[in-house]
Structures are given as structure tokens and as C-alpha cells.
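Asker: Mind looking over this structure? Questions follow.
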Amino acid sequence: MLSLSSGKFQGVCLLTVTAASSKSTSSSTFFSISSGSRSRCLSFSPSPSFDCVRCSVSQSQPQAMEIKPENDDVPNGLNFLTSRPYVPPSWASHLDPIPSRFSSLGRLPTPIHRWNLPNLPNNTEVWLKRDDLSGMQLSGNKVRKLEFLIADALQQGADCIITIGGIQSNHCRATAVAAKYFNLDTYLILRTSKVLVNQDPGLTGNLLVERLVGAHVDLISKEEYAKIGSVALTDYLKSKLLAEGRKPYVIPVGGSNSLGTWGYIEAVREIEQQLQTGNDEIKFDDIVVACGSGGTIGGLSLGSWLSTLKAKVHAFSVCDDPDYFYDFVQGLLDGLHAGVDSRDIVEIQNAKGLGYAINTSEELNFVREVAESTGVVLDPVYSGKAAYGMMKDMGENPKKWEGRKILFIHTGGLLGLYDKADGMGSMLGKWRRMDVNESVPRIDGVGKMF
């Protein structure tokens, strides 16, 4: 079992999102980054003597940034839930096809901060990219893919979205919310056990949000899913909706196709700009992330390879096996005419354990220990298994990681944790009935219950 109960803790340095006014007098310096057609806000904390300034970063010279006054016609906060033309990073402009538009769905950029994990190899630093903070209903890595997929659906005149996933799919929940923001209906095909396929799926975790926003839910047993496949199932539902006069747009499992891959190509540009505008010089040697459907690692690995990051991407697969994902990512890369072999730009390790969305008690206890020792809550299906796999590999191969700066991508999925409450109940304590001594005065009506 991995233990996080001891070890030195490191300080926290934050690169955070802010909504502060340009007239703020706080000790943080706020930047609005204009990258092609995208405009985002971020902040970092310089020395207290710095004045507060607002500025934008010109993309004309990727290595040397020009700071100039901001004169955006539309304030950043008013860009949320708009669909606008997209301009790719200069280092990705040779890829084909390039999306023509994107829809602003995420609260980006997401913060990067030092992660005070104990028991790391000598001189190893782990930093955390908080894509779990990309929104509330729309949290996690799926938001970045949906920015491009929803824009494409709108361009094609769709009036509804079809997608597919597990019973606690974060992607399906994010899709249902994103679609409703743009007045699109959502049809979700959710995979569950054959024992439960004829029953109301309930309101736990992601299901509650999906059903609150009016998603139509079709249940399929795992056995049927395995025999028919996700593509045939979504095509079948699409044909039924077309016959009813609807205009459906199909998003694949996890939003992972070549178009969705642009979400994490764009995320690499975001990381580049955060590092360039930070007050500390940081160069990441490695990027670590969970792999569940392949689109996130496709975009991250391609973006890191093409951009100035040049960090080695390590993916921990939570389903299927590494060979499957190498082939799947290769298909995404070929779909963009990237001209690179997936095995040259990403290392994929198996971290699925007992299987997709199935956890050992050791994995769940690891999630608890990380939360208790660092304040970071990992989901048990994706980032929890990836972090568990990373720490296990560090313990078994410390020389591989010694002296390296690692950026771990937290891909969200907090709502899925509710589905594991029963399995974690025995691990959580620290409660008691409060014992109030008789000497404490008691007067009726003193305590107001709001």
C-alpha cells in the first residue's frame, strides 16, 4: 500500500485565476492573455512592492512577449458562452484540419501550483494543473474538448447532441450541461450492469446533474455494449432521431476525436503562457495525466512535442491497455496530419487495477490520504488512479524521477466520488458528539438556528 503519512511538505506557489478589476490595489499582478482569438485572465503573486497592472500578451513573437495596454472590445467575463473564430498556436498552424470556431465554456486558464505530496524521490517537484477547477457543473478535462465540439455542432445546425459513456460518466454530464447552455437537447447512452439496466438509474453524482438539466437517458448493459460497440449504438440512436425530424450531432466517448484533441493542444498554449508570465522560471520535465478515452493525452503529447514545453508526457491508462491507446492516439494524430508516431511522444502505463471505475481499498485509501495531507481531492476513476500509479512508479523506480519537475494534470471528476461513498465510509472518522460541560450556561432562545 502506498503511504502518504510522512515526509516533508513543500510550500505552495499559486498561479491563479482572478476576476479582479483592473483598479485593484492588491499584491497580485493580473494578466489577460490574448492568444489569437482567445482572451483569458490569470494572476500570480509578485513581490509586495509591485503595482497592479493589466496587460495583454502579443502572440506575434512566441519567445519574446510584448506587453501592451488591453483594449478588448468585449470584457473577458462577457466572452463566456459565446462562439467565436479560432486561431491556433503558431506552432500548430500546419495541422489539418484546423477548427474554424470554438465555444467559450471553461473558466480558463486553470491554476498551476506546487503539490505538497510527501515521500517524493530526491529533489523531485510535483506541480498540479487544476483542470478540476475549469467550472462547477462543467468541470474537468472534458470542457476543453467540448469547446470545439459544441461549436462544430452549432455550425452544423444541430438541435440535439448524442453521446455515450459509463453510468457515472463525467463527459456525459459535462456534455449535457454544455449543450443546454446553447439550447441543445442531450441524449445520453449510459452503460450499467445488467442487474440495473431496467431500473431507474437514480440521482447519485453525475446522474443528478444530467437529469436536472433535462438530459434523455438510455441505459445499455455492459454485455450489450461490449457486443454492439459505442459507434453502432450512437449511430442507431441518431437514425431514430433523424426519423423524428431532429438534427442530432454525435460526440464520441470522452469527446475523443481529432477535433476534440484541439482542446488539449490549446491547453498546452495556456501552460506555455502561464510559465512565460510567471514570476518564477519553471521548466517542466514531465507531464503526468490519466488516460480514459485518449483525446486528452493525444492533445497534450502533440502540443508538448510541437511547442516550447518539450516535456515528456506520461499517461496512466484507467481502462483498456497501453497498446490500444498507442493505436488510438495514432489515429487522432493521423487525423490531424501531424506526421509523428504516438510512441515517440507519450509513454503509456497500465493503471486500471481491477478495471474501469472499480477500485481496490488501497486506491480509495490513497485518495483519502492525498486529500487529508494536501487538501486536493482526486476522483477515484481517473486522476486518483493516475496519481496512485505515479507514486507507485516513483517508489519502484526513484532514479527515473529524481531531480525532475513534474506537472500533474488533475482532470476533475469530483462528482464521481459520491458513487464511492459506501466503499470509503469505513476509512473516514474524526467525528463525535460534542460534549458540552454542564457549567456552560443554557438559556432558551439564545441559539439562533438559521
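Asker: In a helix (DSSP H, G or I), open to solvent by 10 Å² or more (accessible area, probe 1.4 Å) and of a type outside the set (Asp, Glu): does that describe residue 328?
Answerer: yes
Asker: Quick check: anything in the stretch 351-359 modelled with pLDDT of 95 or more and assigned to a helix (DSSP H, G or I)?
Answerer: No, the stretch 351-359 contains no residue that is modelled with pLDDT of 95 or more and assigned to a helix (DSSP H, G or I).
Asker: Residues that are under 19 Å from residue 291 (Cα atoms), in contact (Cβ under 8 Å) with a residue 12 or more places away in the chain and not aliphatic (A, V, I, L, M): does the stretch 395-407 have at least one?
Answerer: Scanning the stretch 395-407 turns up no residue that is under 19 Å from residue 291 (Cα atoms), in contact (Cβ under 8 Å) with a residue 12 or more places away in the chain and not aliphatic (A, V, I, L, M).
Asker: Could you look through the stretch 238-276, keep only residues that are among the small types (Gly, Ala, Ser) and in contact with a His (Cβ under 8 Å, 6 or more places away or on another chain), and pick out the one that is surrounded by the fewest Cβ atoms within 10 Å (Cβ to Cβ)?
Answerer: Selected residue: 254.
Asker: Give 180, 129 a once-over and let me know the one that is assigned by the TED database to the domain that holds residue 285 and either within 22 Å of residue 300 (Cα to Cα) or not polar (S, T, N, Q) (or both).
Answerer: Of the residues listed, the single one that is assigned by the TED database to the domain that holds residue 285 and either within 22 Å of residue 300 (Cα to Cα) or not polar (S, T, N, Q) (or both) is 129.
Asker: Name every residue in the stretch 193-228 that is more than 18 Å from residue 319 (Cβ to Cβ), under 27 Å from the mean Cα position of the chain (by Cα) and hydrophobic (A, V, I, L, M, F, W, C), in order of residue number.
Answerer: 203, 207, 208, 209, 212, 213, 215, 217, 219
Asker: Let me ask something else about it. Does residue 367 qualify as being in a helix (DSSP H, G or I) and either at pLDDT below 95 or not aromatic (Phe, Trp, Tyr) (or both)? Let's see the steps before the verdict.
Answerer: Numbers: in a helix (DSSP H, G or I): yes; either at pLDDT below 95 or not aromatic (Phe, Trp, Tyr) (or both): yes.
Criteria met by residue 367.
Asker: What is the number of the single condition among (1) open to solvent by 30 Å² or more (accessible area, probe 1.4 Å); (2) closer than 23 Å to residue 284 by Cβ that residue 117 does not meet?
Answerer: (1)
Asker: When both residues are 6+ apart or on different chains and their Cβ atoms are under 8 Å apart, which pairs have a first residue that lies in the stretch 349-371 and is on the phi > 0 side of the Ramachandran plot, and a second that is surrounded by fewer than 16 Cβ atoms within 10 Å (Cβ to Cβ)?
Answerer: Correct list of pairs: 353/360.
Asker: Of everything in the stretch 402-417, what is surrounded by fewer than 23 Cβ atoms within 10 Å (Cβ to Cβ) and at pLDDT 95 or above? Give them in sequence order.
Answerer: Of everything in the stretch 402-417, those that are surrounded by fewer than 23 Cβ atoms within 10 Å (Cβ to Cβ) and at pLDDT 95 or above turn out to be 402, 403, 404, 405.
Asker: Another question about this same structure. Which one is nearest to residue 205 (Cα to Cα) among residues in the stretch 395-450 that are part of a loop (DSSP other than H, G, I, E, B) and under 20 Å from the mean Cα position of the chain (by Cα)? Let's see the steps before the verdict.
Answerer: The first filter runs over the stretch 395-450 and keeps only residues part of a loop (DSSP other than H, G, I, E, B), leaving 397, 402-404, 411-413, 428-450.
With the extra rule that they be under 20 Å from the mean Cα position of the chain (by Cα), the set shrinks to 411-413.
Numbers: 411: 16, 412: 13, 413: 10 Å.
For the stretch 395-450, the residue satisfying everything is 413.
Asker: Still on this model: With the checklist (1) part of a helix (DSSP H, G or I); (2) within 13 Å of residue 169 (Cβ to Cβ) in hand, flag the one item residue 237 doesn't pass.
Answerer: Every condition holds for residue 237 apart from (2).
Asker: Additional query: Would you mind telling me which numbered condition in (1) at pLDDT 95 or above; (2) surrounded by fewer than 22 Cβ atoms within 10 Å (Cβ to Cβ); (3) among the small types (Gly, Ala, Ser) residue 153 fails?
Answerer: (2)
Asker: Now for a separate question. Looking at this structure, is residue 190 open to solvent by less than 30 Å² (accessible area, probe 1.4 Å), part of a strand (DSSP E or B) and under 23 Å from residue 295 (Cβ atoms)? Full working, then the answer.
Answerer: On the way: open to solvent by less than 30 Å² (accessible area, probe 1.4 Å): yes; part of a strand (DSSP E or B): yes; under 23 Å from residue 295 (Cβ atoms): yes.
Spelling it out, residue 190 is indeed open to solvent by less than 30 Å² (accessible area, probe 1.4 Å), part of a strand (DSSP E or B) and under 23 Å from residue 295 (Cβ atoms).
Asker: Please go through the stretch 353-375 and pick out each residue that is touching a helix residue (DSSP H, G or I) at 6+ places or on another chain (Cβ under 7 Å) and open to solvent by 20 Å² or more (accessible area, probe 1.4 Å).
Answerer: Those that are touching a helix residue (DSSP H, G or I) at 6+ places or on another chain (Cβ under 7 Å) and open to solvent by 20 Å² or more (accessible area, probe 1.4 Å): 353, 359, 365, 368.
The values are calculated or read from the model by the stated rules, or taken from the named source; none is laboratory data. Values in this document were obtained by computation on a predicted structure and should not be read as measured data. We place every Cβ from the backbone using ideal geometry, glycine too, and count neighbours over all the protein chains shown. For the accessible areas, the whole protein counts, side chains as well, though only heavy atoms, and no ligand, DNA or RNA atoms are used. Shrake-Rupley method; radii C 1.70, N 1.55, O 1.52, S 1.80 Å.
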